[in-house]
1. Trp79: accessible area at probe 1.4 Å, nearest 10 Å²?
2. Could you rank His181, His159, His248, His229 by how accessible they are, 1.4 Å probe, largest area first?
3. Students sometimes get this wrong: rank Tyr210, Tyr150, Tyr225 by accessible area, probe 1.4 Å, all chains present, largest first.
4. Using a 1.4 angstrom probe and counting only protein chains, how large is the accessible area of Lys206 in Å², to 10?
5. Could you state how much accessible area Leu57 has, in square angstrom rounded to the nearest 10, with a 1.4 Å probe and all protein chains kept in place?
6. Please give the net charge around Arg164, taking every other residue with its beta carbon less than 11 angstrom from that of Arg164, where Lys and Arg add +1 and Asp and Glu add -1.
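The values are calculated or read from the model by the stated rules, or taken from the named source; none is laboratory data. Just so it is clear, the structure is predicted and the values come from calculations on it, not from any experiment. Don't worry about glycine lacking a Cβ; one is built from the backbone with ideal geometry, like all the others, and counts go over all protein chains shown. In case anyone asks, the SASA skips ligands and DNA or RNA and just uses the protein heavy atoms, side chains included. Shrake-Rupley method; radii C 1.70, N 1.55, O 1.52, S 1.80 Å.
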Amino acid sequence: MAGGGGCDGDSNCRAALREAFGESSDSDSDAPSGVSSGAGRGRWRWEAVAGIRGLWLCAAFLSADEQARLLAAIQREGWFIDANNQAMRFGDLPSWAIELSTLIREAVCLGDVNVGVGSKMTNEDEDACPLPSDLLWREPFFDQMIANRYNPGEGVCAHVDLMRFDDGIAIVSLESACVMHFSQAEPTGTVLDTGHLKKGDREPTKIPVYLNPGSLVVMSGDARYLWKHEINRKPGVQQWDGRELEQHRRTSVTLRKLLASPS
């Protein structure tokens, strides 16, 4: 991962982040009032998704109470009326979205890190950071937001986010659980380091990631630019641990950073 923000590589960067934010605590004195009570610090666990560099999952990002508060804040916006199921904001974000951004940064800084089941851990991985420090400390952290509401059966087509957005994307999932699949954006037809695409394959193998309500996914580097992500919620497709997931209404919040316009 790239270094930055005055850190000599990410192995030293994570220690600097902890020093800046302090150690994990259950105190809620400095937590954003609109989304979180601050109690999540002790439960934040980051898992690197094996096979996709730059893809990290924090399954317990928001508690049930925090999810309810976030959903209530979204509901108060009045976006999802009639047939409308999407809202976008650029530049000035709602206060709750700014608070959510702050909480994401705090979770990256303070959460415990696991490089992923099946991954080979190195000394550098022991202090790995879910976001490179140059992305983590940019200002603003995020300045573009999409809120989506999906009814059962509605999903997301496979895509890579537009190049008008910078590296470093965060997705918070609410309400219904689902499986997001990742596949290589431009298969080369040869054996890759990840081992998920072999010569002669008609299409790349899709890597599934389980998104429970309250989970947070962050994508940077390869995960952001070289892998497509999709959610297919058609009957029979949403499978996890050998069973089909029951589909309910799903809400998601995606946070991104616009690239600066060429001068």
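1. It works out to around 20 Å².
2. Working: His181 35, His159 60, His248 95, His229 15 Å².
The ranking, largest first, comes out as His248, His159, His181, His229.
3. These residues rank, largest area first, as Tyr225, Tyr210, Tyr150.
4. In the full protein context, Lys206 sits at about 90 Å².
5. The value for Leu57 is about 30 Å².
6. On the way: positive: Arg256, Lys257; negative: Asp161, Asp166.
Here the charged neighbours net out to 0.
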